[in-house]
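Presented below is the structure to which this report refers.
Please treat every number below as a calculation from the coordinates, not as lab data. Keep in mind it's a predicted model, so treat the numbers as computed, not measured. A quick note on method: Cβ atoms are made from the backbone with ideal geometry, for glycine too, and the neighbour counts reach across all protein chains shown.
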Amino acid sequence: MLSLQNAGKRFGPRVLFLEANWLIRSREKTALVGANGTGKSTLMKVLAGLETLDYGGLQQTRGMSIGYLPQEGLALAGRSVFEECLTVFDELREMEREVEHLGGQLAVLDHAGAEYEAAAERYSMLQERFHALDGYALDAQVGGVLTGLGFSKEDWARQTDEFSGGWQMRIALAKLLLAKPNLLLLDEPTNHLDLETRNWLEDYLKNYPFGYILISHDRYFLDVTIDRTVEIWNKRLNIYQGNYTKYLGQKDERRTQLEAAYRNQRIQIEHLESFINRFRAQATKAKQVQSRIKELEKIERIEIPEEEPVIHFRFPQPPPSGRMVVEAEGLSKSYGPKKVLENVRFSIERGDRVALVGVNGAGKSTLIKLLTGAESPTGGQVKLGHNVVSEYFAQDQYKVLDGDARMLDDISRAALKVPEQELRSLLGCFLFRGDDVFKPLGVLSGGERNRFALARILVSPSNFLLLDEPTNHLDMRAKDVLLEAIAAFSGTVVFVSHDRYFIDRLATRVMEVEGGDVISYEGNYEDYLRRKELAGGSLLVETAAKGKSPEASATAQAAAAEKDAGGEDSAKDRPRRLNPIKQKQMEERCVFLEEEIPRIEGSIAHTEEQLGVYVSAAETQRLSTLAEELRGQLAAFTVEWEELMMQLEGA
C-alpha cells in the first residue's frame, strides 16, 4: 500500500530519523507516537507527499488516495458548511448532472437510431455506477457526519468563514471522513473536539473501511481506535502490535532487553580493550592483538538514549476549607433571550473532584465562571463555604499574565518557598527548557502562555481549584504531571476536560450540564456513562442535582434499583463494559491486594504470637488494638478483592 525504505529526514542540522522501514498495509489502524520534537508531524507530511525525504525512498500503490489533516492552519471560505462538504463529491455530482442530461436526450432521440443506443448505454453505465457509489444518499452522508461532529442543522447553511479556527478544522475533518481516502493521516484530530464528539469519532473510526494513522495525546482515544503503534525513538522507527497501553508494556520490555544487551556489549568491549592494552607491546602476541582490534572495530555500538526524567510534582497543600465548599440555590443564567442555566441546585463538598461534561455551548464554562464570581447569576445564588479560597484557570488565562515579566521570575514570585531547580524542572515538563525560562511572557504564543499559567497555578494553589480545559496544549507527559498533582491535592477541584483518560483517572463525581440543568452522578466518566445507559438518562440522579424532594428521589432510586435488579435493561443480562484504562487499574489493584492480604495475615499471626508473651499491660493493650485493626483491614481487603474479581470476570 505505502512503504518507507531506509528513509531519513533532517530538520536543519538535526537528524529526526534514519533507516526507517515501514510497510503501511491496507486497513491497518496505527498510532504514531514519540516525544515532542522527534518528527511525528514531519513524518506525516512526508507520507502525505507534502515534504520530501533526505534519504531513502517512499513507494505508493498506484491509484491510492491519501487524506491529511494537519494540527491547525486550515481556513475555508466562499461556501456554506453543507456546500463545502459536498465538494468532496464533485465527481459524483458531475456524474449525476450527466445522468440527468442523458435522461433528457433519451426522451427526444429516435429510439431506432445509433445515437440513442450510445446514449442509453452510457446512461445505464453511469446510473449503475452512481448507485454503487451510493450517490443518492450524499445529503444524508453529509448530514450524518456534520451532526456527529457537533454542527447543528442551523450551522449547515452558515458560511464557513463565520466559524472560528477550531470549527474550521472540524469542517476539514468532516470533508476527509466523507471522502473516505484509502489512508487517513490525522494529526491531533481531537484537539478541537468535545467529549461527545470524540466519542462519535471513536465509533466512526472503528468502522472506517480503510486504514489510518493518528497522532494524539489522548490515551483513551488511542486505546480504542488503534491496533498498531509506531514510535519514533532513538532516531529509528519502532513498531509494536497492539494499542497504546500494550505499547507501553512492550516498550518497557524492549528497553530492558536493550539495557541488558548494552551491558553485555560493554563487558565484551572492555575484555577486548584489556587484551589489546595488555599485549600491544609483545611481538609474540601481535597477530592476536590485530585480530582483537579488527573485532573491536566491527562491533556496532549499542546506544541507550537518555530518557526524559520523570517529573513528580506535588501541590503545596492549602489550608483546609469547611466541609461544604459551595452551594447553588435556584441558580439561573441567561444571555438575553437565551437561557443557559435555569433553577439549578447542587452542592460540592471538601475533597470532591468534579468533572463538568456536556456538549459545546451547554454552559460548562458559564457554570465555572458563576462559581468563581467572574460572572453574576441572573437568578438564585452561589454560596461559598467557610475559609474557601478559589483559583480559576480559564481557557484564555494567558490574557491576565504580565507580558513584560520573565517566565522564571514570574513563577518564582508565585512560589517563594519552591526551589528554583524544582521550578525549572516543572517548566521543562510543560515544554519550557533551557533558556526558554528567561523569555518575557509577552513573546509566547497563546498556547504557550496557557501552559505557563497552568504551571503557575500548580505552585501556589488555593483550596478550591476551578479549571476550564487545563489539558489543552499539553502533551501526555505534562498531563501525567498535572494528573498526579491534582490526585494528591487535598483541596477541592471542579474541572472541564475533553480528555477521557484524564477524567476517568481523576473525577469522583461527574456533573452533566444539559438543557439548562445540572445533573450529578457519583464516580468517574465510565460510571457516568454506565448509569446513564442503565437509567435512561433520568434515574440515579442525586437529589441535590435536580432539587427534587426526598420522596421523588427515593422513587427514582427504587425504579433504578428495580431496573438494575431484573428489568429488560438489567446489567445482569449483559456483561459490563469496562474501558481498557479502568480495567488495567482494577487488575493492578487485584495484584496489590493479592500481595497485601498474605502480608496482613502474617502480621496478624506475628501479633498474636507476641500477645502470648506478657510484657506489660500497656503493651498487651497496644498489641490487642493492633491485631483488631489488622483483622479489620484484612476483612476490607478481602471483600474488595472479591468484588474486583467478580467485576473483571463479568466484563
With label points set 7 Å from each Cα along the Cα-to-Cβ direction at Glu375 and Arg301, the distance between them in nm comes to 6.1 nm
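Please work out how much length the chain gains when fully extended from Phe11 to Asn234, using 0.36 nm per residue of separation minus the C-alpha to C-alpha distance, in nm with one decimal.
Values: separation 223, 0.36 × 223 = 80.28 nm, distance 1.53 nm.
Gain in length upon complete extension: 78.8 nm.
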Once amide hydrogens are built 1.01 Å from N within the peptide plane, the residues lying 5 or more places from Phe393 or on another chain with amide H under 5 Å from its amide H are Leu466, Leu467, Asp468
Along the stretch 369-386, Karplus-curve 3J(HN,Hα) (6.51, -1.76, 1.60; θ = phi - 60°) to the nearest Hz, with x for Gly and Pro, reads 5, 5, 5, 7, x, 5, 10, 9, x, 6, x, x, 8, 10, 10, 7, x, 5
Inter-site label distance for Glu608 and Leu58 at 7 Å from Cα along Cβ, in nm: 7.0 nm
For the stretch 124-130, Karplus-derived ³J(HN,Hα) couplings (6.51, -1.76, 1.60; θ = phi - 60°; whole Hz; x for glycine and proline) come out as 5, 5, 5, 5, 5, 5, 4
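With +1 on each Lys and Arg Cβ and -1 on each Asp and Glu Cβ, how big is the dipole of the chain about its Cα centre, in debye rounded to the nearest 20? Each step should come with its number before you reach the end.
Numbers: 81 positive and 99 negative charges, 465 e Å.
The calculated dipole for the chain is roughly 2240 debye.
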Sequence gap at least 6, Cα distance under 8 Å: using those rules, report the relative contact order of the chain to the nearest whole percent. 12 percent
For the stretch 122-145 and the stretch 405-484, what is the centre-to-centre distance using only Cα atoms, to the nearest Å? 52 Å
So what's the gap between the Cα centers of the stretch 636-651 and the stretch 588-633, to the nearest angstrom? 23 Å
From the phi of every residue in the stretch 264-281, what ³J(HN,Hα) in whole Hz does the Karplus formula 6.51 cos²θ - 1.76 cosθ + 1.60 yield, where θ is phi - 60° and glycine or proline is x? 5, 5, 4, 4, 5, 5, 4, 5, 5, 5, 4, 5, 4, 5, 6, 10, 4, 7
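Would you calculate, for the chain, the mean residue ellipticity at 222 nm contributed by helices, counting each DSSP H stretch of 4 or more residues as -39,500 (n - 2.57) and dividing by all residues, to the nearest 500?
Details: 22 runs with 309 residues, N = 651.
Mean residue ellipticity at 222 nm (helix-derived): -15500 deg cm²/dmol.
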Where both residues lie in the chain, what percent of DSSP beta bridges are antiparallel, nearest 5? 55 percent
Between Ala132 and Ser274, what is the label-point separation in nm under the 7 Å Cα-to-beta-carbon projection? 7.3 nm
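What's the exposure ranking of Tyr528, Tyr55, Tyr68, going from fewest to most Cβ atoms within 10 Å?
On the way: Tyr528 24, Tyr55 15, Tyr68 19.
Neighbour counts put them in this order, fewest first: Tyr55, Tyr68, Tyr528.
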Using the Cα centre of the stretch 325-537 as origin and beta-carbon charges of +1 (Lys, Arg) and -1 (Asp, Glu), tell me which of Thr508, Leu423, Val389 is placed farthest towards the positive end of the dipole. Val389
Relative contact order of the stretch 326-401, pairs being alpha-carbon contacts under 8 Å that are 6 or more residues apart, as %: 37 percent
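Relative to the compact-globule scaling 2.2 N^0.38 Å, provide the ratio for the alpha-carbon radius of gyration of the chain. Please list the in-between numbers first.
Numbers: Rg = 31.1 Å, N = 651, 2.2 N^0.38 = 25.8 Å.
Relative to the 2.2 N^0.38 Å estimate, the chain comes out at 1.21.
Which whole-number percentage describes the relative contact order of the stretch 580-650, with Cα contacts under 8 Å and a sequence gap of 6 or more?
Values: 32 pairs, mean separation 33.8, N = 71.
Once normalised by length, the contact order is 48 percent.
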Excluding Ile215 itself, what net charge comes from residues whose Cβ is under 9 Å from its Cβ, given Lys and Arg +1 and Asp and Glu -1? -1
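Work out the FRET efficiency for Gln71 and Glu420 from their Cβ-Cβ distance, taking R0 = 35 Å, and round it to the nearest 0.05. All intermediate terms of the calculation are to be shown ahead of the outcome.
Details: r = 33 Å, r/R0 = 0.94.
E(calc), rounded to 0.05, equals 0.60.
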Just want the ordering: Ile24, Ile232, from fewest to most Cβ atoms lying within 10 Å of their own Cβ. Ile24, Ile232
How much length is gained if the chain between Leu23 and Val389 is pulled fully straight, taking 0.36 nm per residue apart and subtracting their Cα-Cα distance, in nm to one decimal? 126.2 nm
Give the residue from Ile213, Ile276, Leu4 lying farthest towards the positive end of the charge dipole for the chain; charges sit on Cβ (+1 for Lys and Arg, -1 for Asp and Glu) and the dipole is referred to the Cα centre. Ile276
What is the order of Met125, Met407, Met1, fewest Cβ neighbours within 10 Å to most? Met125, Met1, Met407
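I'd like the trypsin sites (Lys or Arg not before Pro) in the stretch 19-85 restricted to DSSP loop residues with at most 16 other Cβ atoms within 10 Å, sorted by number. Intermediate values should be presented prior to the final figure.
Working: sites: Arg25, Arg27, Lys29, Lys40, Lys45, Arg62, Arg79; in loops: Arg25, Arg27, Arg62, Arg79.
The qualifying sites are Arg25, Arg27, Arg62, Arg79.
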Distant-in-sequence amide H partners of Arg27 (H built 1.01 Å from N, under 5 Å): Gly211
Just how far, in whole angstrom, is the stretch 316-356 from the stretch 187-227 if you go by their alpha carbon centroids? 32 Å
Long-range HN-HN contacts of Arg10 with modeled amide H, under 5 Å: Leu16, Asp54
